[in-house]
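Take a look at the structure set out below.
The values are calculated or read from the model by the stated rules, or taken from the named source; none is laboratory data. All figures in this text were calculated on a predicted structure; none of them were measured in a lab. Don't worry about glycine lacking a Cβ; one is built from the backbone with ideal geometry, like all the others, and counts go over all protein chains shown.
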C-alpha cells in the first residue's frame, strides 16, 4: 500500500503512498514484524489520482508538507489524532472540493489547531 522507511526505534514513515483507492496509515508489516507508522513524509501522496479515502492512525505524529496535495479524488479523510500531531503546510490543499475531514481522539484547542492547519 505504501513504501516505508523504518528507524532504529522500530517506527515507520510512509514515504510514498501507492495508487490505491483506500489507504490506512496505522501500522505496517515487514518480514513478519509489525511497526507503527509515526510519520507521513512530505509529498508522500502528492498528485495521487486514485486515492479516495485515507485513514491516519493515532501513532502518526507528523504529516509532511503537501503530503496529500492535489489528490483530486480524495473525498474522505479520517484522522485518529493524538496531542502531538503536527500538520505541514498545504498537506491537504487541492483535494476534492466535497471532501470531509474527521478528526477523532482530541478535543478543544487541539482539535481547533488541527482544523486550522488542515485549511492552510
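Name every residue in the range 47-58 that is surrounded by fewer than 18 Cβ atoms within 10 Å (Cβ to Cβ) and more than 11 Å from the chain's Cα centre (by Cα), in order of residue number. Passing the criteria: 47, 49, 50, 52.
Residue 101 meets the stated requirement of being in contact (Cβ under 8 Å) with a residue 12 or more places away in the chain, within 26 Å of residue 11 (Cα to Cα) and surrounded by fewer than 19 Cβ atoms within 10 Å (Cβ to Cβ). The residues of the range 79-120 that are modelled with pLDDT of 95 or more, within 12 Å of the chain's Cα centre (by Cα), closer than 18 Å to residue 46 by Cβ and not in a strand (DSSP E or B), listed by number, are 88, 91, 92. With respect to the conditions (1) under 15 Å from residue 11 (Cα atoms); (2) in contact (Cβ under 8 Å) with a residue 40 or more places away in the chain; (3) buried (at least 20 other Cβ atoms within 10 Å of the Cβ), residue 25 falls short on a single one, namely (2).
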